[in-house]
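K.L.:
Structure incoming, see below.
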Amino acid sequence: MLDLSQVIDPVYIATIFFFIIGLQRMSNPLTARSGIVWAGAAMLIATIVTFLTPSLSNFALMALGIVVGGGLGYVAAKRVAMTAMPQMVAIYNGMGGGAAASISAVELLRTTTASVSSLAVIGGLIGAVSFSGSVIAFLKLQGWIRQRPMTYPGQQVVNILILLLAAVFGLLVLWHPFALPLSVSLLLPLFFVLALGFGFLMTLPIGGADMPVVISLYNAFTGLAVGLDGFSFATPNYAMVVAGVIVGAAGSLLTLLMARAMNRSISNVLFGAFGATEETGTVVKGSMKPIEADDVAVMLAYASSVVIAPGYGMAVAQAQGKVKELTDVLESKGVTVKFAIHPVAGRMPGHMNVLLAEAGVPYDHLFDRDEINPAFPNTDVVLVIGANDVVNPAAHRQGSPLYGMPILDVEQAKNVIVLKRGQGKGFAGIENDLFYRDNARMLYGDAQESVSKLTHALKKL
Amino acid sequence: MIDLTSVWTAVYVAMLAAFTGYVVISRVPVLLHTPLMSGSNFVHGIVLVGAMVALGLAQTPTEQLIGFVAVVLGAANVTGGYVVTERILQMFDRSSRKPAKRA
């Protein structure tokens, strides 16, 4: 007799194969687009064959859950603006973590095998932390709660105590079959409340500027939780184990790479409450000197080389299309235009590359920090469009909270024009020395408007 | 009594998977960090499969409720993760890109 459930394992193996191919292809700009399609196809068949798993029931609920969750996820992801992508990654990652934690909860209610349960407890803890932490990251990036770090004395001690308490309850859940009067239905909710609370409290003191690293870390957490949950079933689900562990490892490495790009350690990101402390004792000399768009246009028209350094302000103002237009006009006038891309400009590594690619700026116009920095002394005009901390020369000054972060050395250019909405500070909350330099001028206004004004003025010249 | 053979199999599998994840990511340009983070976010959406099994094996109403929540969250992770990654990567595709939106 043909047993349909026999196809599950071969299909899961094929799924993993396609996931790996997909991730591999996503690591190369030329094949990246097809990578997600491979992974998506694999996910689809894995989901379908799972319905064939022996001795399942509740199929109607299952289908309803897929339709509801899948529908909501699909619509929200389709409708959101490109600038909001970082927080969307955060929230979907949180949902994965929440799903992992819920699986642990169900398995812990059902099984009593200690060896299996211990992995479910660890998976549940990590998944729950990832869930509540990602939700906070989402709320911070969405601007629904304060982005600045929230700190109070003894915060880290409180957080560690909560984590320890969660671990204790986790152990109690494991040991409850052995002569403990407390029931699982009492211990389990307490365990999850503490785990959720830890993720919540651990993320609150982290500033918005560090969120990309934190999201990447929670992404790795969710992967790990999924991997551990794969073992929590009576027959291990190796598709979950392998895919989860791959994401856990890849996510951890990605987190390290991102932190390195900001010259920060992971512990510094997590426990540094970066941006909470105001720098004291340094007074920036000079004043911010405003300039009009027409004057900037003249300056640009007679320049031979222009470098554009974009930042989050460009993303917020959706100015990338206008920036591309400006680039075209400048190039038609024989001006060389390059883009200086700081690895952590914007809210995620690669954020600027994505936006500029959307606007149609060719890849060979984009330069890494290390490639472009030697060119600044020979650059006539640098346009800083909505970037702040990544061009702050305070990073070269000992004692500054930014000290040691590699920056774009735009202050070495002959002229620096800063397009900025107002006189506020950057994400890190630190005064920017650059704005007070003699070669710097401020062009106030919304980035999209300012850039269009520049383009108009240039066309008239 | 724990069956040690299955424990070691699990360790083999987990170790090789960890190496795979590490190798796949290690030579990625900064440009692709965001799409890859989003892509791996989609891959751990495989949690949906586990959520379906957990719900399918659930018996009490409590288990069913939590299992249902797991399926909803897992399904949102899958579709949302896919669409977000797709949208980010769409911008890297030169041939089929729509002209940039003018505001």
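Values in this text are rule-based calculations from the coordinates and carry no lab data. This is a predicted model, so every value here is computed, not measured. FYI the Cβ positions are ideal-geometry reconstructions off the backbone, even for glycines, and counts take in every protein chain you see.
K.L.:
Counting only trypsin sites (Lys or Arg not before Pro) that are in a DSSP loop and have at most 12 other C-beta atoms within 10 Å, tell me the longest site-free stretch of chain A.
P.N.:
On the way: sites that count: A:R146, A:K285.
Maximal segment without exposed cleavage sites: A:286-461.
K.L.:
What does the charge count around A:P377 come to, taking other residues whose C-beta lies under 9 Å from its C-beta (Lys +1, Arg +1, Asp -1, Glu -1)? Can you show the working numbers first?
P.N.:
Working: positive: A:K414; negative: A:D409.
Residues near A:P377 contribute 0 overall.
K.L.:
So, one more: Step through the residues of region A:321-327 one at a time and calculate ³J(HN,Hα) from phi using the Karplus curve (6.51 cos²θ - 1.76 cosθ + 1.60, θ = phi - 60°), rounding each to whole Hz and writing x for Gly and Pro.
P.N.:
With the stated coefficients, region A:321-327 comes to x, 5, 5, 4, 4, 4, 4 Hz.
K.L.:
Sticking with the crude label model, points 7 Å out along Cα→Cβ, report the distance from A:S265 to A:T111 in nm, one decimal please.
P.N.:
Taking the simple label geometry, A:S265 and A:T111 are separated by 3.7 nm.
K.L.:
Also, I was wondering about something else. What is the gain in length, in nm to one decimal, between A:V11 and A:I291 on full extension, counting 0.36 nm per residue of separation less the C-alpha to C-alpha distance?
P.N.:
Details: separation 280, 0.36 × 280 = 100.80 nm, distance 6.33 nm.
Gain in length upon complete extension: 94.5 nm.
K.L.:
Rounded to the nearest 10 degrees, what's the angle between the helix A:32-50 long axis and the longest principal axis of chain A, both from Cα atoms, 0 to 90?
P.N.:
On a 0 to 90 degree scale, this one is about 20.
K.L.:
How many angstrom separate the Cα center of region A:31-85 from the Cα center of region B:3-18?
P.N.:
Taking the Cα centre of each part, region A:31-85 and region B:3-18 sit 28 Å apart.
K.L.:
Which distance in nm do the two modelled labels at B:T5 and A:K333 give, with both placed 7 Å along the Cα-to-Cβ direction?
P.N.:
7.8 nm
K.L.:
Here's another thing I want to ask about it. Search the structure for amide H atoms under 5 Å from the amide H of A:V382, placed 1.01 Å from N in the peptide plane, and list their residues when 5 or more places away or on another chain.
P.N.:
Excluding prolines and chain starts, which carry no amide H, the hits are A:V307, A:N415, A:V416, A:I417.
K.L.:
For A:V323, B:V24, which order do you get if you count the other beta carbons within 10 Å of each Cβ and list the fewest first? Mind showing how you got there, number by number?
P.N.:
Numbers: A:V323 28, B:V24 24.
Result, fewest neighbours first: B:V24, A:V323.
K.L.:
Between A:V157 and A:R397, take the C-beta separation as r, use R0 = 25 Å, and let me know the FRET efficiency to the nearest 0.05. Each step should come with its number before you reach the end.
P.N.:
Values: r = 32 Å, r/R0 = 1.28.
Given R0 = 25 Å and the Cβ-Cβ separation, E is 0.20.
K.L.:
On alpha carbon coordinates alone, what is the Rg over Rh value for the protein assembly as shown, Rh being the Kirkwood radius? Walk me through the numbers before you get to the answer.
P.N.:
Details: Rg = 25.2 Å, Rh = 24.6 Å.
Rg/Rh: 1.02.
K.L.:
Mind checking the angle between helix A:85-110 and chain A's longest principal axis? C-alpha axes, 0 to 90 degrees, to the nearest 10.
P.N.:
Roughly 10 degrees, rounded to the nearest 10.
K.L.:
If amide hydrogens are placed 1.01 Å from N in the peptide plane, which non-local residues have theirs closer than 5 Å to the one on A:I206?
P.N.:
Amide H neighbours of A:I206, under 5 Å, 5+ apart: A:M150.
K.L.:
Using just the helices of chain A, give the 222 nm mean residue ellipticity in deg cm²/dmol: DSSP H runs with n ≥ 4 each add -39,500 (n - 2.57), and the total is spread over all residues, rounded to 500. It would help to have the intermediate numbers written out before the result.
P.N.:
Numbers: 16 runs with 260 residues, N = 461.
Result for chain A: -19000 deg cm²/dmol, rounded to the nearest 500.
K.L.:
Ok, one more. For a quick size check, give me the Cα extents of region A:1-79 along its three principal axes, largest first, whole Å.
P.N.:
45, 34, 12
K.L.:
Mind checking the full-extension length gain between A:R79 and A:A60? Use 0.36 nm per residue of separation minus the Cα-Cα distance, one decimal, nm. List each step's numbers first, then the result.
P.N.:
On the way: separation 19, 0.36 × 19 = 6.84 nm, distance 2.83 nm.
Roughly 4.0 nm would be gained on extension.
K.L.:
Compute the distance in nm between two label points, each set 7 Å from the Cα along the Cα-to-Cβ direction, one at A:F367 and one at A:T31.
P.N.:
Roughly 3.1 nm, to one decimal.
K.L.:
For region A:293-460, divide the Cα radius of gyration by the Kirkwood radius and give the resulting Rg/Rh value with two decimals. Present the calculation step by step, with values, prior to reporting the outcome.
P.N.:
Numbers: Rg = 14.4 Å, Rh = 15.5 Å.
Ratio of gyration radius to Kirkwood radius for region A:293-460: 0.93.
K.L.:
Now, a different point. By how many degrees, between 0 and 90 and to the nearest 10, does the Cα long axis of helix A:114-142 differ from the longest principal axis of chain A?
P.N.:
30 degrees
K.L.:
Other chains near A:14-22: what is the mean number of their Cβ atoms within 10 Å of each residue's Cβ? The partial results should precede the final answer.
P.N.:
Numbers: counts 0, 3, 4, 0, 0, 8, 6, 1, 6.
Per residue, the average neighbour count from other chains is 3.
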